[in-house]
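Here is the structure we will look at, set down as structure tokens.
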Amino acid sequence: MARIVLLHALVLFLFTFTSAIAEAVTLNVVNFGAKPDGETDSTNAFVSAWGRACSSTAPTTIYVPLGRFLVGKVVFKGRCNNKGITIRIDGAMLAPSNYDVIGNGGNWLFFDDVDGVSIIGGVLDGQGTGLWACKRSGKTCPTGATNLGFTNSNNIVINGVTSLNSQMFHIVIDRCNNVKLQGIKVSAAGNSPNTDGIHVQLSSTVTILNSNIATGDDCISIGPGTTNLWIENIACGPGHGISVGSLGKEFQEPGVQNVTVKTMTFTGTENGVRIKSWGRPSNGFARNILFQHATMVNVQNPIVIDQNYCPHEKNCPGQVSGVEVSNVIYQDIYGTSATEIAVKINCSPKYPCIGISLEDVMLTYESKQAVASCNHAGGITSGVVQPNNCF
Ligand SMILES: *[C@@H]1O[C@H](CO)[C@@H](O)[C@H](O)[C@H]1NC(C)=O
């Protein structure tokens, strides 16, 4: 009896194993009607290829060959039977240049409720310049679409992807778990509005490695409900730096905790490393954050905590932030500030920042000594710290 069970298990194993190999499938979008001419609308080809991949149980690669593929909004919707879908892109995907087509749709390429999806290579061109011009002219314009969005998804890899000229944020990770981004390149004009490079929120175990981000807003922004985030080896600039926040916009808000940001270069950016919260009541928080090994090259505000964020003095005048900021370590941060105040820690009078640690911080302003400006902040310094008039 035992032998029969064993034999049965072996047969089952071999069957599963060989059928998985036999069935690994590649779907070339051209075979679904996509045209690499940059003009023909190929949206339906992507939707069909995704449908096929999603309903299959075999590991499936959707292949986008060289060429330029014009696509409108595509929703890559789960749940799928498949937990191994790779989208391998050798060419470029282009959003419609008329911003009215996708500008009110939130996202251009949107993955919802998927598990085990990898995107490898390729250029995602949001063609956002028209929308930016509209916004700058003061006319009424669509909000704009995020180039690449993931929501409610797990076990995601985004590797070697270039995101160009998104209308709004370039890449958004929302309500996801276990996401690895690496070798990402983001490129948009330094004056393009709201074009954050990578935004993470309500997500856990996200890793962002070895990436180069040049854009008009935050290089990486970290929203409420982000935990266990690891960011390493990023070049940022132009842009607004790396920002935890804005936090505390809502009263009920999940906090941010356990964030590591290491080995960064900021070049000509508005901020280096920043934590910001609205000057409004909130139960949000930011704690256990490490900023380690950062080089600042002519950065306007290299180190900032701003708990009094209130754009246009609307919906918050006279209020103080309820967001508790604690246990934030700045370690080995050096370089040049483009303004005299290189360290600005401006916390809430009601919830002062606590456990701020400056260790080996060396920032200069025009080869002079820079200064620090700190309010309602408690902490310690160690090693060589300049400026050193905070605590
Ligand atoms: C913090 O996050 C990292 C991943 O970025 C993880 O490896 C580590 O276990 C987390 N630490 C805690 C205390 O949760």
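The values are calculated or read from the model by the stated rules, or taken from the named source; none is laboratory data. These figures come from a predicted structure and were not determined experimentally. Virtual Cβ from ideal backbone geometry, glycine too; neighbours counted across all protein chains shown. Surface accessibility is based on the protein's heavy atoms, side chains included, excluding ligands, DNA and RNA. Shrake-Rupley method; radii C 1.70, N 1.55, O 1.52, S 1.80 Å.
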**Request:** Using just the helices of the chain, give the 222 nm mean residue ellipticity in deg cm²/dmol: DSSP H runs with n ≥ 4 each add -39,500 (n - 2.57), and the total is spread over all residues, rounded to 500.
**Result:** -3500 deg cm²/dmol
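Ranked highest first by the average count of other Cβ atoms within 10 Å around their residues, in what order do 347-356, 158-167 fall? Could the numbers behind the result be given before it?
Values: 347-356: 19.2, 158-167: 23.3.
Per-residue mean Cβ counts within 10 Å order the peptides as 158-167, 347-356.
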**Fill in**
Scanning the chain, every Cys lacking a C-beta partner under 4.7 angstrom -> 176
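So which of 77/249; 35/180; 35/73 end up more than 24 Å apart, counting from Cα to Cα? Before the final figure, lay out each step's value.
Details: 77/249 30 Å; 35/180 30 Å; 35/73 16 Å.
77/249; 35/180, as the Cα separations exceed 24 Å there.
Under 11 Å from the Cβ of residue 330, count the other residues' Cβ atoms, weight Lys and Arg +1, Asp and Glu -1, and hand me the total. Please report the intermediate quantities before stating the final value.
Details: positive: none; negative: 332, 359, 360.
Neighbourhood net charge equals -3.
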**Complete:** Among 149, 374, 312, the residue whose Cα sits farthest towards the positive end of the charge dipole of the chain, when +1 is placed on the Cβ of each Lys and Arg and -1 on the Cβ of each Asp and Glu, is 149
**Asked** Which shape class, rounded, prolate or oblate, goes with region 230-286 when its Cα gyration tensor gives a ≥ b ≥ c as root eigenvalues, a/c under 1.5 marks rounded, and past that a/b bigger than b/c marks prolate?
**Response** oblate
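Within the set of other residues whose C-beta is less than 14 Å from the C-beta of residue 213, count the net charge using Lys and Arg as +1 and Asp and Glu as -1. Working shown, then result.
Values: positive: 185; negative: 196, 217, 218, 232, 270.
Within the 14 Å Cβ shell, the charges total -4.
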**Prompt:** With labels modelled as points extended 7 Å from the Cα through the Cβ direction, what inter-label distance (nm, one decimal) is found for residue 23 paired with residue 252?
**Reply:** 4.3
**Request:** Show the residues, 5+ positions off or on another chain, whose built amide H is closer than 5 Å to the amide H of residue 154.
**Result:** 114, 115, 116, 177
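What does the accessible area per residue of region 25-216 come to in Å², with a 1.4 Å probe and no ligands, DNA or RNA counted? Spell out each step's value before the answer.
Working: 7280 Å² over 192 residues.
Spelled out: the 1.4 Å probe surface of region 25-216, per residue, equals 38 Å².
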**Message:** Suppose each label sits 7 Å from its Cα in the direction of the beta carbon; what would the residue 310-residue 350 distance come out to in nanometres?
**Reply:** 1.2
**Signed unit charges on C-beta, dipole axis of the chain, positive-most listed residue 130, 109, 163** = 109
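Sum up the charges of everything whose Cβ sits under 14 Å from the Cβ of residue 376, counting Lys and Arg as +1 and Asp and Glu as -1, but leave residue 376 out.
Working: positive: 344, 350; negative: 306, 324.
Computed value for this residue: 0.
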**Complete:** With Cα coordinates, the longest principal axis of the chain makes an angle with the long axis of helix 43-55, in degrees rounded to 10, of 70
**Fill in**
Out of 243, 215, 230 - ranked by how far each Cα lies towards the positive end of the dipole of region 169-273, with unit charges on the beta-carbon of charged residues - the top one is 230
**Message:** Is there a quick way to get the dipole size of the chain? I mean about its Cα centre, with the Cβ of Lys and Arg at +1 and of Asp and Glu at -1; what is the value in debye to the nearest 20?
**Reply:** 500
**Prompt:** Hey, what do the phi angles of region 30-42 turn into as Karplus ³J(HN,Hα) couplings, whole Hz, using 6.51/-1.76/1.60 and θ = phi - 60°, x for Gly and Pro?
**Reply:** 4, 6, 9, x, 5, 10, x, 9, x, 10, 7, 5, 9
**Message:** Suppose each label sits 7 Å from its Cα in the direction of the beta carbon; what would the residue 129-residue 189 distance come out to in nanometres?
**Reply:** 0.8
**Asked** Given H placed 1.01 Å from N in the peptide plane, which residues other than close sequence neighbours of residue 240 have an amide H under 5 Å from its amide H?
**Response** 217, 218, 219, 270
**Request:** Could you order 264, 362 by accessible surface area, starting with the largest, using a probe radius of 1.4 Å?
**Result:** 362, 264
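When a/c reaches 1.5 or more, the comparison of a/b and b/c decides; with that in mind, is the chain rounded, prolate or oblate per its Cα gyration tensor? Each step should come with its number before you reach the end.
On the way: a/c = 2.20, a/b = 1.60, b/c = 1.38.
Prolate shape, in that a/c is at least 1.5 and a/b is the bigger ratio.
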**Request:** Can you send over the carbon and sulfur percentage of the accessible area for the chain, probe radius 1.4 Å, protein chains only?
**Result:** 52
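Answer rounded, prolate or oblate for region 25-216, using the Cα gyration tensor with square roots of eigenvalues a ≥ b ≥ c: rounded when a/c is under 1.5, else prolate when a/b is larger than b/c, else oblate. Can you show the working numbers first?
On the way: a/c = 1.74, a/b = 1.27, b/c = 1.37.
It comes out oblate by the Cα gyration axes.
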